[in-house]
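Undergrad: Just dropping this structure here.
Computed from the coordinates by the stated procedures, all read-outs in this text should not be read as laboratory data. Remember, predicted model here, so these are calculated numbers, not experimental data. Note that we place each Cβ from the backbone using ideal geometry, even for glycine, and neighbour counts take in every protein chain shown.
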Amino acid sequence: MELNQLTIHELQEKLKNGETSAVKVAESVFNRINAVEERVHSYIRLMKEEAMSAAEQSDKDLQSGKAGPLSGIPVALKDIVCTKGITTTCGSHILHNFIPPYDATVVEKLASAGAVFVGKANMDEFAMGSSTETSYFGPTRNPWDLTRIPGGSSGGSAAAVAADECIASIGSDTGGSIRQPAALCGVVGLKPTYGRVSRFGLIAFASSLDQIGPFTKDVEDCAIMMNVLAGYDPLESTSVKAEVPDYRQYVGRDVQGWKIGIPKEYFIEGIDPEVSAAVKDAIAVIEKNGGQCVDISLPHTEYCLAVYYIIAPAEASSNLARYDGVKYGLRTSEARDLLEMYKKTRREGFGAEVKRRIVIGTYALSSGYYDAYYKKASQVRALIKHDFEEAFKKCDIILTPTTPTPAFKIGEKTDNPLQMYLSDIFTISTNLAGIPGMSVPCGFTAAGLPIGMQFLAGHFEEGKLIQIASVYEKNAQIEKRRPRL
C-alpha cells in the first residue's frame, strides 16, 4: 500500500517508529497528485514548495521529540480559509488575485500541530452550491466516477481525500457542504457545533450558519483532526468557551443501551431505493451492537429548505456587499464613474449562482419584505431548533440518510436550481439548529457509487458522534474499495 493511501493514525505510527519520513509521505502525495489531479481537479492551487519545506521541518521535529499531533501529515485546505501570502479565491473570479495578510485560526492551529499543507481545494463559488460546478476555476469530478459531481460546496476537499491526493482536508459547512460531499465521495465528514471551531479567517457566506470541519479517511482520523481544530478563540465573536474533550477517547467505546432516533420525515417518498436500503442495513448494524432504535418526529422539517433559502441568501447579500472593487480583489478596467465601477466589477466578478442568491437575499431584506421573509424565517428556525431539543429528550443520537441520492451526473441539475437545492434536504436542518452532524460511508450502489449516512447529536456532543460512528465503522464490514482512477 502506498503512503498516500494510509490514514493519519497509520502514518503517525510509521513516522514515530522511523519506518518512513514526512518528506517521503509528502512525495507520495504529490506523486499521486501528478497522476490523477488533471482528471479530478481537486485543487485550485498546489503548495508543493511550501509543503516540502514543512515536511523537512516535520522530520526535524520528529527526530528531536518536538513533533505535534499532525507532524508530517499532508492536509488540503478549502480555498475559503485565509492563508497568509497565498491566494484565497473562494472559487470566484472576484477574488482570483486576493492574497490575505493573515492566516485563519484553523490554519494557525493546523500549522502549530505540524500539518503539511498540500494546497487550496476547489469549491463552489463562495460556497454557494451542492456540486462544485459553480467554481470559476472549473468543476471537480467525483473520483469514483469522473462523469459525476463530488458534492459541494467542499467538493474539492472531499475528492482530494477520496482520491488519496491528501491524507485529510478542511471544509466548511453552511447547509451540508461537508457532510453531503463526504457521503458522495465515500469519506468521513464532520460539521461541528456552531461555535466549536473558530470561524476567524473563514470568508463568510452566511455567518449564522457557517462552520469549519474535517474530512478524513476514517473515524479515528476525524477525532485526531477535531482535537486540533476545536476550542475557544477570542478573535471570533461566536466562538464558545466550552470544554474540549480528547475526542480520540471516544473511539471504540460501545453504545450499549443508547437510543437511536429515526425521524420519519427523513425516510420519505422520492429517496433513492439503494440509499434507503443501505441506511436501513446500517440501522440493523447499530441495533446488533447495542443501540435501540426509536421512532421520532421533527415536525418542522418540511419548512427547512424554505427557511434556509431565505436566511442564507439574506446573510450572503450582506456579507458579499464588501466585494465592490475598492478594497481587494477584482476591479473592472472600464468604468466612467464610481457607481459604474461597482456595477461592472460585481457583474464581471460574480457567477450566476452567486448573483441569484444575492438578488434573493437582498429582496428578502428589503424594506417592506423583511418581516414577511427574514423575520418569519428566523421564527420558524427557532421552531426547528426546538424540534431537535425535544427529540434529544427521547434519544441519544439521530440517524438519517446524508443525501437523498448518490452522486448525479455533471451538468444534470445546473439548469434547475430547485432540484440542486433539494440535494441538501437532509443536511440543512443541522445548520439551522446549530447542532453537530457527521456523515460516514455505509455502502455502495450497484454502480459502485458511495452512499453515506448521517449521525446528529446535541450541542457540543461531537464525542457522541465519533463514538457511535466508530462502533458502526468497526462492525459494518463495508468492503474496502478505492476509486479506480
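Undergrad: Would you kindly derive the ³J(HN,Hα) couplings of the range 227-232 from the backbone phi angles with the Karplus curve 6.51 cos²θ - 1.76 cosθ + 1.60 (θ = phi - 60°), listing them in order in whole Hz, with x for Gly and Pro?
TA: Computed from phi, the couplings for the range 227-232 are 4, 7, 7, 6, x, 5 Hz.
Undergrad: Add -39500 (n - 2.57) for each DSSP H run of 4 or more in the chain, then divide by its residues: what number comes out at 222 nm, to the nearest 500 deg cm²/dmol?
TA: Rounded to the nearest 500, it is -11500 deg cm²/dmol.
Undergrad: Let me ask you something else. Counting Lys and Arg as +1 and Asp and Glu as -1, each charge on the Cβ, what is the dipole of the chain about the Cα centre in debye, to the nearest 20?
TA: For the chain, the charge dipole is close to 580 debye.
Undergrad: Quick check for me: using +1 on Lys/Arg Cβ and -1 on Asp/Glu Cβ, what's the dipole size of the range 3-249 about its Cα centre, in debye to the nearest 20?
TA: Here the range 3-249 has a charge dipole of around 140 debye.
Undergrad: Of the listed peptides 163-175, 237-249, what is their order by residue-averaged count of other C-beta atoms within 10 Å, with the highest listed first?
TA: Packing proxy ranking, top to bottom: 163-175, 237-249.
Undergrad: Once you order the gyration tensor axes a ≥ b ≥ c over the Cα atoms, which shape class does the range 69-142 get: rounded for a/c under 1.5, otherwise prolate or oblate by comparing a/b with b/c?
TA: It comes out oblate by the Cα gyration axes.
Undergrad: Test of the criteria: in the range 376-409, which trypsin sites (Lys or Arg not before Pro) are in a DSSP loop and have at most 16 other Cβ atoms within 10 angstrom of their Cβ?
TA: Sparse-neighbourhood loop trypsin sites (Lys or Arg not before Pro): LYS393, LYS394.
Undergrad: What residues have an amide H closer than 5 Å to that of MET453, excluding those fewer than 5 places away on the same chain, when H is modeled at 1.01 Å from N in the peptide plane?
TA: It is THR402, VAL440, CYS442, by chain and number.
Undergrad: Let me ask another. Tell me the net charge near PRO245. Cut-off is 11 Å between Cβ atoms, PRO245 excluded, with +1 for each Lys or Arg and -1 for each Asp or Glu.
TA: Net local charge, PRO245 excluded: -2.
Undergrad: What residues have an amide H closer than 5 Å to that of ILE170, excluding those fewer than 5 places away on the same chain, when H is modeled at 1.01 Å from N in the peptide plane?
TA: ALA76, LEU77, LYS78, PHE215
Undergrad: For the chain, with the dipole built from +1 on Lys and Arg beta-carbon atoms and -1 on Asp and Glu ones, taken about the Cα centre, which of TYR342, HIS9, PRO406 lies farthest toward the positive end?
TA: Selected residue: TYR342.
Undergrad: With the dipole of the chain worked out from charges on the C-beta (+1 for Lys and Arg, -1 for Asp and Glu) around the Cα centre, which of SER169, PHE215, TYR373 lies farthest toward the positive end?
TA: Farthest towards the positive pole: TYR373.
Undergrad: Listed highest first by mean packing, meaning other Cβ atoms within 10 Å per residue, what order do 110-117, 436-443 come in?
TA: Ranking the peptides 110-117, 436-443 by packing returns 436-443, 110-117.
Undergrad: Could you point to the residue in ALA364, SER276, GLN292 farthest towards the positive end of the range 256-407's charge dipole, with +1 and -1 charges on the Cβ of Lys/Arg and Asp/Glu respectively?
TA: About the Cα centre, the residue reaching furthest to the positive side is ALA364.
Undergrad: Something else about it: For the range 1-34, run through the GluC sites (Glu not before Pro) and keep only the ones in DSSP coil with at most 11 other Cβ atoms within 10 Å of their Cβ.
TA: GLU2, GLU19
Undergrad: Could you rank the peptides 424-434, 303-313, 183-193 by their average count of other C-beta atoms within 10 Å per residue, with the highest value first?
TA: Peptide ranking by packing, descending: 183-193, 424-434, 303-313.
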